[in-house]
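Chemist: Got a structure for you, questions after.
The values are calculated or read from the model by the stated rules, or taken from the named source; none is laboratory data. The model shown is predicted, which means the values in this text are computed figures rather than measured ones. Methodologically, a virtual Cβ is constructed for each residue, glycine included, from the backbone with ideal geometry; neighbour enumeration extends over all protein chains shown. Protein only, heavy atoms only, side chains kept; ligands, DNA and RNA dropped before computing areas. Shrake-Rupley method; radii C 1.70, N 1.55, O 1.52, S 1.80 Å.
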Amino acid sequence: MTLAFSKVAIIGAGAMGRGIAQIATQAGSQVWLYDTQAEAIAKARNAVFQQWDKLQEKGRLSPETVADYKTRLLSAASMQDLAECELVVEAIVEKIDIKKSLFTELEKVLAPTAVLVTNTSSLSVTAIAAALQRPSQFAGYHFFNPVPLMKVVEVIAGLKTDQAVCERLSEFARQMGHTPVQAQDTPGFIVNHAGRGYSTEALRILSEGIADFATIDRILRDQVGFKLGPFELFDLTALDVSHHVIEAIYHQYYEEPRYRPNVITAQRLAGGVVGKKVGEGFYKYVDGVAQVPAEPPVPVVDSLPPVWVSPRAARRMELLQLLKDLGATLETGASPSPEALTIVAPLGFDITTVAVVERLDPARTVGIDMLVNDAATKRRVLATNPATRTDMRDAAHALFARDGKAVSVIRDSGGFVTQRVVATIVNIASDICQQRICTPQDLETAVTLGLAYPMGPLAMGNRFGPDSILEVLFNLQTVYGDPRYRPSPWLRRRGAIGLSLMHTEA
């Protein structure tokens, strides 16, 4: 195998730099580590050596292989030591002026054919390259921590980047055991851009008092299959990182409502409760373990009222069968009796709006989220409206928990929790495709590998139905009057004519 780059330099000896150095060395390259602090280089090399030693102890690497790796991971005393390198990867502080200065100096040392790349996660590749004599030889090469485990790398073309450079970088990523995805130079590239829906919509739901953060986490884990709830994820990444990313993308997109930040994270950042690393974020941590509030118990109800289901309910036949299986007494009249618990299942609308439009008694009306097939979810989510009686709320909770499946009861919200978050994720992903930032295939790959979603956002939209996602968004826009929920043309057109969200024009 001919290596795309046989001589590689990594500038920056932090966790990211040493991770890239490790996988580049393992691919067969000769790698130089450079940092302005010599002790940082020694520390980084030793850390990588220890990783290889551990792999040898486990029998995953031979002694000969480890010895070979160690001879090819070198220290650079100065930039002059990098003169023969074919590729230089910068992984230093996220300050554009410092990066520009570094690359300007590197151009003076390296051959004209050398490729320079930045590992930036939030800065413009084009803006960094503007200071260079050879911007065609410059690109973004965004890895994720921990580099040896996170198997995706974004290859970002600046405005003047030669496409052949991106192809060569993609091939080198594959040689390092990673999956490359190619993106245009836009704020957040693919992964950080696509991730805006999950975090910002969850914050919005919390800020409206619809549910507490632990309940939102439970719903999104159990209904959709996310490995971590959004507030668990905030605590893991820490708000001193994630809040600034949210703000940066919002401002770089000139205050696009879809990416709007929330005062909750700003306030918690100011108060120092940034996450697990300080022992307190949204959750408190004892010995590194999150202290999760207990779920409210299922109410004890002596007798259940008869149940009437709205004829406009989503998945109505499935819902009726579920109620029969739970032993409910069903009413089949055109309208509910004065004693009936009234169940609605809207897409996008709140329970209040449905009760008013359908002329139902709001005091006896409870909603259930039926976006997800009940058999495919571990949790049912009910929503009250401001007038719902306590006895009706408790009766609905007890009824839907009869078979032992978890039930969360939230306050009134357009789109409950899952509909709002899923629709926002799918809509942002659709607009990434509409802007031609990347291909649908690279988007799906980047998100599943970079964010560990249970499926790619376009696959998620296809699973729940582009037409259903569109209905959720249109109705959310009606409820909230917020352009945040306006559907992307990519989603609107494919949903309207029944195409897969992965479909691209000829």
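Chemist: So, in the range 274-300, how many residues would count as being in contact with a Leu (Cβ under 8 Å, 6 or more places away or on another chain) and open to solvent by 30 Å² or more (accessible area, probe 1.4 Å)? Give the steps one after another, and end with the answer.
Modeler: In the first step, residues of the range 274-300 are kept if they are in contact with a Leu (Cβ under 8 Å, 6 or more places away or on another chain); the result is 274-276, 281.
Then drop every residue that is not open to solvent by 30 Å² or more (accessible area, probe 1.4 Å), which leaves 276.
Count: 1.
Chemist: Please tell me if Asp53 is without any contact (Cβ under 8 Å) to a residue 40 or more places away in the chain and surrounded by 19 or more Cβ atoms within 10 Å (Cβ to Cβ). Steps first, please.
Modeler: Numbers: without any contact (Cβ under 8 Å) to a residue 40 or more places away in the chain: yes; surrounded by 19 or more Cβ atoms within 10 Å (Cβ to Cβ): no.
No: the conditions fail for Asp53.
Chemist: If you don't mind, another one. How about the range 375-393: which of its residues are of a type in the set (Gly, Ala, Ser), in contact with a strand residue (DSSP E or B) (Cβ under 9 Å, 6 or more places away or on another chain) and either open to solvent by 10 Å² or more (accessible area, probe 1.4 Å) or modelled with pLDDT under 95 (or both)? Give the steps one after another, and end with the answer.
Modeler: From the range 375-393, those of a type in the set (Gly, Ala, Ser) are 375-376, 383, 387; that's our starting set.
Narrowing the set further to residues that are in contact with a strand residue (DSSP E or B) (Cβ under 9 Å, 6 or more places away or on another chain) leaves 383, 387.
Selection gives Ala387 alone.
Chemist: Between Ser101, Ser75, Ser121, which is surrounded by 12 or more Cβ atoms within 10 Å (Cβ to Cβ), touching a strand residue (DSSP E or B) at 6+ places or on another chain (Cβ under 9 Å) and more than 22 Å from Val245 (Cβ to Cβ)?
Modeler: Answer to the check: Ser75.
Chemist: Let me ask something else about it. For the range 245-272, which positions are free of Cβ contacts under 8 Å to residues at least 24 places away in the same chain and of a type outside the set (S, T, N, Q)? Don't jump to the end; show me each part of the working.
Modeler: Keep residues of the range 245-272 that are free of Cβ contacts under 8 Å to residues at least 24 places away in the same chain, which gives 247, 250-251, 254-256, 266-267, 270-272.
Listed by number, the residues that qualify are Glu247, Tyr250, His251, Tyr254, Glu255, Glu256, Ala266, Ala270, Gly271, Gly272.
Chemist: Hey, Glu84 hits all of (1) open to solvent by less than 20 Å² (accessible area, probe 1.4 Å); (2) touching a strand residue (DSSP E or B) at 6+ places or on another chain (Cβ under 6 Å); (3) assigned to a loop (DSSP other than H, G, I, E, B) but one; which does it fall short on?
Modeler: (1)
Chemist: Identify the residue in the range 350-371 that is surrounded by 22 or more Cβ atoms within 10 Å (Cβ to Cβ) and touching a residue at least 60 places away in the same chain (Cβ under 8 Å) and, among all such residues, is farthest from Ile205 (Cα to Cα).
Modeler: Selected residue: Leu371.
Chemist: Output the number of the condition that Trp490 fails; it satisfies all remaining conditions of (1) open to solvent by less than 20 Å² (accessible area, probe 1.4 Å); (2) within 26 Å of Leu228 (Cα to Cα).
Modeler: (2)
Residue-wise test of (1) modelled with pLDDT of 95 or more; (2) closer than 20 Å to Thr120 by Cα.
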site: Gln37; (1), (2): no, no
site: Lys43; (1), (2): yes, no
site: Ala76; (1), (2): yes, no
site: Leu87; (1), (2): yes, yes
site: Lys95; (1), (2): no, yes
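Chemist: Out of all the residues in the range 450-464, is one or more assigned to a loop (DSSP other than H, G, I, E, B), polar (S, T, N, Q) and either within 22 Å of the chain's Cα centre (by Cα) or at pLDDT 95 or above (or both)? Break it down stepwise before answering.
Modeler: The first filter runs over the range 450-464 and keeps only residues assigned to a loop (DSSP other than H, G, I, E, B), leaving 451-456.
From what is left, the residues that are polar (S, T, N, Q) are none.
Scanning the range 450-464, I find no residue that is assigned to a loop (DSSP other than H, G, I, E, B), polar (S, T, N, Q) and either within 22 Å of the chain's Cα centre (by Cα) or at pLDDT 95 or above (or both), so the answer is no.
Residue by residue, here is whether (1) farther than 29 Å from Glu255 by Cβ; (2) open to solvent by less than 20 Å² (accessible area, probe 1.4 Å) holds:
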{"residue": "Ala446", "(1), (2)": "no, yes"}
{"residue": "Leu451", "(1), (2)": "no, no"}
{"residue": "Leu470", "(1), (2)": "no, yes"}
{"residue": "Leu476", "(1), (2)": "no, yes"}
{"residue": "Asp482", "(1), (2)": "no, yes"}
{"residue": "Tyr485", "(1), (2)": "no, yes"}
{"residue": "Gly495", "(1), (2)": "no, yes"}
{"residue": "Leu501", "(1), (2)": "no, yes"}
{"residue": "Glu505", "(1), (2)": "yes, no"}
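Chemist: Also: From the set of residues in the range 20-50 that are open to solvent by 20 Å² or more (accessible area, probe 1.4 Å), polar (S, T, N, Q) and free of Cβ contacts under 8 Å to residues at least 60 places away in the same chain, which is nearest to Val152 (Cα to Cα)?
Modeler: Gln30
Chemist: State yes or no: is Ser413 in contact (Cβ under 8 Å) with a residue 60 or more places away in the chain, among the hydroxyl-bearing types (Ser, Thr, Tyr), assigned to a loop (DSSP other than H, G, I, E, B) and under 24 Å from Asp467 (Cα atoms)? Write out each step before concluding.
Modeler: Values: in contact (Cβ under 8 Å) with a residue 60 or more places away in the chain: yes; among the hydroxyl-bearing types (Ser, Thr, Tyr): yes; assigned to a loop (DSSP other than H, G, I, E, B): yes; under 24 Å from Asp467 (Cα atoms): yes.
The answer is yes for Ser413.
Chemist: Against the definition (under 26 Å from the mean Cα position of the chain (by Cα) and either within 28 Å of Ala44 (Cβ to Cβ) or of a type outside the set (D, E, K, R) (or both)), how does Val109 come out, yes or no? Walk me through it before giving the result.
Modeler: On the way: under 26 Å from the mean Cα position of the chain (by Cα): no; either within 28 Å of Ala44 (Cβ to Cβ) or of a type outside the set (D, E, K, R) (or both): yes.
Answer is no for this residue.
Listed here are the residues, each with its yes/no results for (1) touching a strand residue (DSSP E or B) at 6+ places or on another chain (Cβ under 7 Å); (2) acidic (Asp, Glu); (3) more than 17 Å from Ala21 (Cβ to Cβ).
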{"residue": "Asp53", "(1), (2), (3)": "no, yes, no"}
{"residue": "Glu64", "(1), (2), (3)": "no, yes, yes"}
{"residue": "Ile92", "(1), (2), (3)": "yes, no, no"}
{"residue": "Lys108", "(1), (2), (3)": "no, no, yes"}
{"residue": "Pro112", "(1), (2), (3)": "no, no, yes"}
{"residue": "Val125", "(1), (2), (3)": "yes, no, yes"}
{"residue": "Ala129", "(1), (2), (3)": "yes, no, yes"}
{"residue": "Leu132", "(1), (2), (3)": "yes, no, yes"}
{"residue": "Phe144", "(1), (2), (3)": "yes, no, no"}
